[in-house]
Amino acid sequence: MNLARHLNHPVFHMIASVAEQEEIQVYVIGGFVRDLLLGGSDTTAKDIDIVVIGSGIAMAEKVRSSIDEDVPLTVFKNFGTAMLKWGDTAVEFVGARKESYRKDSRKPLVENGTLEDDQNRRDFTINALAISLNPDSFGELLDPFGGLEHLDEKLITTPLDPGNTFSDDPLRMLRGIRFATRLGFRIESGTLEAIGQYRERIRIVSQERITDELNKIMLTAQPDKGLLLLEETGLLEIIFPELFQMKGVEEVEGEFHKDNFLHTLKVLDNIAQKTDDLWLRWAALLHDIAKPRTKKFEPGTGWTFHGHEFLGAKMIPGIFRRLKLPLNEKMKYVQKLVQLHLRPIVLSQEIVTDSAVRRLIFDAGDDLEDLMTLCEADITSKNEKRVKRYMRNFQIVREKIVEIEEKDSIRNFQPPISGDDIQYVFGIPPSKPVGIIKDAIKDAILDGEIPNEFEAAYQKMLKEGSAMGLPVRHELRRGDH
Ligand code: CTP
């Protein structure tokens, strides 16, 4: 098979002419070739991996000096690789290797090798496909392990014995699951079995790399498939015990609860159809994370998970820290959604009052739409009637939100009277009474007892202060504060 007409990027011709001059063999390999054969086009290529039978660094330097533009080159001496950044495209050069790994580390002992040695040491047959950039065979596909056939069969399998491939570099177990999930491929049975067998080796991989793969799985069109594979191979129990503990069904007095792991996967699948936002997807994955810890069987009532939304929100910083996910506003966002995830459902089960909607708008702020998306994804009942009823109620909640937003300005609401104002009027230092008065004003506004305006809030403050026996020390007018 000749693919020359697909090698449109100018860098391929640059490399080919340097290779011809220097009489060095050069190939393009890996994800670029895989994606090209899957129907992509090289004009959108962002990452191109080049393997050189010789020094990757020397080749990269020669290619750079043959380009007229000023293209930055980064050399990684320790790894024997070099990266050329040409516009949006990153071209990585590496010398062909024959590798053997030490048992206790991902860091290989490296020797120079042939193209076939190099293809052999790669993770999957579909990633070991190479295209020649040499003058006599420019564009020829080199496929010693049946990678092309496996692309056709939608199969993930390793060039070598899978045990060797995974034991050499255990991150590949996650990569395999990621490719299967992203491409909708099946993992060949021996390969899948080997992942189960070598799962403990994942412990030598850094958390950053593991989490990077997890995030990539989370961003695919069907992340639930990847999580199910992680569970089936035993990797989930090691890398994400809290999720693993959600698995299973218990029975007491003939009453079963649902399998919270499978429910979570369904919610994740639902939400993935609505949003590409990684953090909203994480919120879906974690929304019921505290169910195992709050689970109780109460005779007469059945299974309960009281307070799982609050405990779940509390568990999130620990999980984010361990997974090395960012401990910033993204984490706070996930916490907020987990904590609030039952609110719209509870609300829609009752008569939807203005004050309940106002409180929801106040608590969720700018994340209200995302919260509604999460709650809708959380409806996984097989009972169609029930699903319809929930969806109808959510629609009522959504309409009510719009109606109330038009009337009041509750979203990101700042009370018209601040703590400083209260201290000034009553001449008191920061203290408990200030908080009590502030909350009373906020509650009165959210309950619709008073409008969200200065004058009404001022009167409410005076009333609360007088009930607490606080004399007024200073007057305050609108605009003074
Ligand atoms: N590779 C490998 N083992 C790894 C990582 C990478 O064998 N643990 C090889 C594979 O041949 C892979 C190539 O290096 O195709 C490039 O790796 P990378 O850029 O991480 O992945 P891609 O396959 O290009 O896929 P994507 O960019 O879509 O993640």
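For the chain, what is the charge dipole size about the Cα centre, in debye to the nearest 20, if Lys and Arg each add +1 at the Cβ and Asp and Glu each add -1 at the Cβ? Can you show the working numbers first?
Numbers: 64 positive and 78 negative charges, 307 e Å.
So the dipole magnitude of the chain works out to roughly 1480 debye.
Could you sort 399, 250 by their accessible area in this structure, using a 1.4 Å probe and putting the largest first?
On the way: 399 105, 250 80 Å².
Sorted descending by solvent-accessible area, the residues read 399, 250.
Where only protein heavy atoms count, and the probe is 1.4 Å, what is the accessible area per residue for the chain in Å²?
Values: 23610 Å² over 481 residues.
Per residue, the chain has 49 Å² of solvent-accessible surface.
What is the angle, in °, between the Cα long axis of helix 308-323 and the longest principal axis of the Cα atoms in the chain? Nearest 10 is fine, range 0 to 90.
Roughly 30 degrees, rounded to the nearest 10.
In the chain, if the dipole is taken from +1 on Lys/Arg beta carbons and -1 on Asp/Glu beta carbons about the Cα centre, which of 25, 448, 319 is farthest to the positive end?
448
Under the 0.36 nm per residue contour assumption, what length would be gained going from the current alpha-carbon distance of residue 74 and residue 252 to full extension? Spell out each step's value before the answer.
Working: separation 178, 0.36 × 178 = 64.08 nm, distance 6.25 nm.
The residue 74-residue 252 span can extend by a further 57.8 nm.
Using only DSSP helix segments of four residues or longer, with each worth -39500 (n - 2.57), what per-residue ellipticity at 222 nm results for the chain after dividing by its residue count and rounding to 500? Let's see the in-between values first.
Values: 24 runs with 249 residues, N = 481.
About -15500 deg cm²/dmol.
Starting from the Cα gyration tensor of segment 154-239, take the square roots of the eigenvalues, sort them a ≥ b ≥ c, and report rounded, prolate or oblate (rounded when a/c is under 1.5, otherwise prolate if a/b is larger than b/c, else oblate). Kindly include the intermediate steps, with their values, before the conclusion.
Numbers: a/c = 1.60, a/b = 1.10, b/c = 1.45.
Cα axes put segment 154-239 in the oblate bin.
Residue 142's amide H: which non-local residues (gap 5+, or another chain) put their own amide H closer than 5 Å, with H modeled 1.01 Å from N in plane and none for Pro or chain starts?
So residue 142 has HN proximity to 130, 131, 132.
What is the helix-to-structure angle for 171-183, meaning the angle in degrees between its Cα long axis and the longest Cα principal axis of the chain, kept from 0 to 90 and rounded to the nearest 10?
The two axes meet at around 80 degrees.
Does segment 419-467 come out rounded, prolate or oblate by the C-alpha gyration tensor, with a ≥ b ≥ c the root eigenvalues, rounded set by a/c under 1.5 and, if not, prolate when a/b is larger than b/c and oblate if not?
Working: a/c = 2.05, a/b = 1.73, b/c = 1.18.
Note, shape of segment 419-467 comes out prolate.
With a point put 7 Å past each Cα toward its Cβ, work out how far residue 1 is from residue 330 in nm, to one decimal.
About 3.6 nm, to one decimal.
Take the solvent-accessible surface of the protein heavy atoms, probe 1.4 Å, and return the percent of it on the chain that carbon and sulfur atoms account for. Kindly include the intermediate steps, with their values, before the conclusion.
Details: 11310 of 23610 Å².
Ligands and nucleic acids excluded, carbon and sulfur reach 48 percent.
Pick out, in residue order, every one of the trypsin sites (Lys or Arg not before Pro) in segment 378-458 that is DSSP loop and has at most 13 other C-beta atoms within 10 Å; say none if there are none.
Details: sites: 382, 385, 386, 388, 389, 392, 398, 400, 407, 411, 438, 442; in loops: 382, 411.
Sparse-neighbourhood loop trypsin sites (Lys or Arg not before Pro): 382.
Rounded to two decimals, what is the ratio between the C-alpha radius of gyration of segment 4-147 and 2.2 N^0.38 Å? Please report the intermediate quantities before stating the final value.
On the way: Rg = 14.5 Å, N = 144, 2.2 N^0.38 = 14.5 Å.
That works out to 1.00 for segment 4-147.
What are the trypsin sites (Lys or Arg not before Pro) within segment 306-350 that DSSP puts in a loop, where the Cβ has at most 14 other Cβ atoms within 10 Å? Kindly include the intermediate steps, with their values, before the conclusion.
Numbers: sites: 314, 321, 322, 324, 330, 332, 336; in loops: 324.
Those that pass, being in a loop and sparsely packed, are 324.
With every protein chain left in place, what is the accessible area of residue 472 in Å² (1.4 Å probe, nearest 10)?
70 Å²
With unit charges on the beta carbons (Lys and Arg positive, Asp and Glu negative) and the dipole taken about the Cα centre of segment 4-147, which residue among 16, 127, 72 sits farthest to the positive side?
127
Let's test the formula: R0 of 25 Å, r as the Cβ-Cβ distance of residue 472 and residue 363. What FRET efficiency results, to the nearest 0.05? Present the calculation step by step, with values, prior to reporting the outcome.
On the way: r = 32 Å, r/R0 = 1.28.
Rounded to the nearest 0.05, the efficiency is 0.20.
In nm, to one decimal, how far is the modelled label at residue 237 from the one at residue 382, with both set 7 Å along Cα→Cβ?
2.7 nm
Report the Rg/Rh value for the chain, based on alpha-carbon coordinates and the Kirkwood definition of Rh.
Details: Rg = 29.9 Å, Rh = 26.9 Å.
Here Rg/Rh amounts to 1.11.
Ranked from the most accessible area to the least, with a 1.4 Å probe and all protein chains present, what is the order of 277, 354? Write down the numbers at each step before the final one.
On the way: 277 65, 354 45 Å².
So, going from the largest accessible area down, we get 277, 354.
In Å and whole numbers, how far do the C-alpha atoms of segment 190-295 stretch along each principal axis, longest first?
Cα spread of segment 190-295 along its principal axes, largest to smallest: 43, 34, 25 Å.
On C-alpha positions alone, give me the angle between the axis of helix 432-446 and the longest principal axis of the chain, in degrees, nearest 10.
Tilt relative to the chain: about 80 degrees.
Once you have a ≥ b ≥ c as the square roots of the Cα gyration tensor eigenvalues for segment 305-452, tell me rounded if a/c is under 1.5, and otherwise prolate or oblate according to whether a/b is larger than b/c.
On the way: a/c = 2.49, a/b = 1.34, b/c = 1.87.
The shape class here is oblate.
The values are calculated or read from the model by the stated rules, or taken from the named source; none is laboratory data. Quantities reported herein were computed from a predicted structural model and do not represent experimental measurements. Counting neighbours? That spans all protein chains shown, and the Cβs are built from the backbone with ideal geometry, glycine included. Note: areas computed on protein heavy atoms with side chains; ligands, DNA, RNA excluded. Shrake-Rupley method; radii C 1.70, N 1.55, O 1.52, S 1.80 Å.
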